[in-house]
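No value in this document is a laboratory result; all are computed from the given coordinates. Everything numeric in this text was worked out from a predicted model, so none of it was measured. Neighbour counts run over all protein chains shown; Cβ positions are idealised from the backbone, glycine included.
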Amino acid sequence: MERTLSIIKPDATTRNITGKVNSMIEDAGLRIIAQKRIRLTPLQAEEFYAEHKDKAFFTSLVDFMTSAPVVVQVLEADDAIALYRKIMGTTNPAVAEEGTIRKTFALSIDKNTVHGSDSPESAKREIDFFFSGTEIVG
Ligand code: ATP
Ligand code: MG
């Protein structure tokens, strides 16, 4: 079993579609083993997305991620990291595959509905960033 970090982004919480997103996650065989709805601070968003700090879109990314609540969650399955990335679809929803979360719900390359860890190292860092061991209940 593998774990990955999922974030349902502000474009989805404001449109009241977190349940629809999580239906797609659960239908794909991923189990939500920890979950909380939080409002990111600018410092948290900057630290979480530190790998992108030199990119042109960094400030707008931090502004967007702090603009409304997000739902952070730990997903578990065999091959959870790759499976979740597959059902999320590509970063730019305009070219995402049919049936993916981003193709179905994302509004644009920045308002793209979900985040998913991209490697085992990122998954560990990102899960530890938001959850303590006692908050992951299985
Ligand atoms: P995420 O990390 O959110 O799961 P990702 O791994 O598909 O998405 P990254 O390259 O890690 O994509 O970019 C992180 C986030 O930064 C993207 O989800 C998107 O919201 C934003 N982003 C990426 N590229 C651009 C861009 N060219 N213009 C605007 N925003 C962008
Ligand atoms: Mg990424």
| request: State whether the residues of the range 69-82 include one that is within 16 Å of ligand 2 (Cβ to nearest atom) and farther than 14 Å from residue 6 by Cα. | output: no
Flagged in the range 88-110 as more than 15 Å from ligand 2 (Cβ to nearest atom) and touching a residue at least 40 places away in the same chain (Cβ under 8 Å), in numbering order, are 104, 105, 107
Of the residues in the range 117-135, those that are touching an Asp or Glu at 6+ places or on another chain (Cβ under 9 Å) and surrounded by 14 or more Cβ atoms within 10 Å (Cβ to Cβ) come to 117, 122, 123
From the option list 75, 107, single residue qualifying as touching a Phe, Trp or Tyr at 6+ places or on another chain (Cβ under 8 Å), outside any helix (DSSP H, G or I) and more than 8 Å from ligand 1 (Cβ to nearest atom) is 75
Reported set for the range 78-105 where residues are surrounded by fewer than 20 Cβ atoms within 10 Å (Cβ to Cβ) and at positive phi is 79, 99
Those residues of the range 74-90 that are touching a helix residue (DSSP H, G or I) at 6+ places or on another chain (Cβ under 8 Å) and not hydrophobic (A, V, I, L, M, F, W, C) come to a total of 3
